[in-house]
Amino acid sequence: MFDAIASRYEFVNKLMTFGLDVRWRRRAVLDLRLPPASIVLDIAAGTGDFTRELARQGQQPVATDLSYGMLRAGRSMRHRVQADASRLPFLDASFDGITCGYALRNFTDLAAAFGEMARVTRQGGRLSLLEVSEPETGLLRTGFRIWFRRVVPFIGSLVSDRAAYHYLPQSTAYLPDAKEIVRMLNQSGFTAVNHRRVMGGLSQQFIATRSR
Ligand SMILES: C[S@@+](CC[C@H](N)C(=O)[O-])C[C@H]1O[C@@H](n2cnc3c(N)ncnc32)[C@H](O)[C@@H]1O
């Protein structure tokens, strides 16, 4: 599915988020609190929005994704590795940090992906994840539902792939709630796991440190 939407992915993404994701990614990279030139693995990097932000902030990113089409469309990424997040082809403790943007709900085995994130991160290394979420109450929630469940599939059908943009909003159903994700990260070997709602709950972030 991601191969099919790769060429227009970034364009539709910017339409869907009004470009707000740029700010959210910037903050998520800053929250890694890693020194410059740290080696950071961007898991499920897609076409590289997060990877480029890492490079912009002076880190040395490596992008990995299951979809060859997404990696190929992200030409500006220097190091690209096609791989499944639940079976990463990297040595233990080989990264200072991990980022992963808007992909958790696409993983068929989330526990295995978290296990791999922990395995490839050095002790004391950092993790910063972004994922979609839904505002808890009020007008923002209603507006978000109309936008995400009706408008996004409509725009997606017009400019990209109909089936994919009908699936993507529905895929949030596969995402465990924040408490469960925090529990899973703790169990996988991360500590100081912090959950933050971004912009009234339009997005959410998980920050953590690899246990010593
Ligand atoms: C919604 S896109 C997010 C892309 C990018 N991280 C971003 O922030 O724009 C989800 C990505 O997850 C990737 N993906 C899905 N399942 C995966 C898996 N098991 N292992 C690695 N990547 C996967 C897809 O190929 C796709 O590029």
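Only the coordinates and a few stated rules stand behind these numbers; no lab work does. The structure presented is a predicted model; accordingly, all values stated were derived computationally and were not measured. Using ideal geometry, Cβ is built from the backbone for each residue, glycine included, and neighbour counts are taken over all protein chains shown.
Observations, loosely collected:
- Inclusion of Ile146 among residues that are under 20 Å from Trp24 (Cα atoms) and either in contact (Cβ under 8 Å) with a residue 12 or more places away in the chain or of a type outside the set (Asp, Glu) (or both) is not warranted.
- Residues being touching a Lys or Arg at 6+ places or on another chain (Cβ under 9 Å) and near the ligand (Cβ under 6 Å from one of its atoms) - total across region 38-56: 3
- Residues being more than 16 Å from the ligand (Cβ to nearest atom) and either free of Cβ contacts under 8 Å to residues at least 40 places away in the same chain or in contact with a strand residue (DSSP E or B) (Cβ under 7 Å, 6 or more places away or on another chain) (or both) - total across region 127-140: 3
- Complete set of residues in region 81-105 that are part of a strand (DSSP E or B) and charged (D, E, K, R): Asp96
- Here is the figure for region 1-21: residues that are within 13 Å of the ligand (Cβ to nearest atom) and free of Cβ contacts under 8 Å to residues at least 24 places away in the same chain total 3.
- Condition check for Gly19: surrounded by 20 or more Cβ atoms within 10 Å (Cβ to Cβ) and within 25 Å of Leu158 (Cα to Cα): no
- Test: residue in region 136-147 that is in contact with a Leu (Cβ under 8 Å, 6 or more places away or on another chain) and either surrounded by 13 or more Cβ atoms within 10 Å (Cβ to Cβ) or of a type in the set (A, V, I, L, M) (or both): yes
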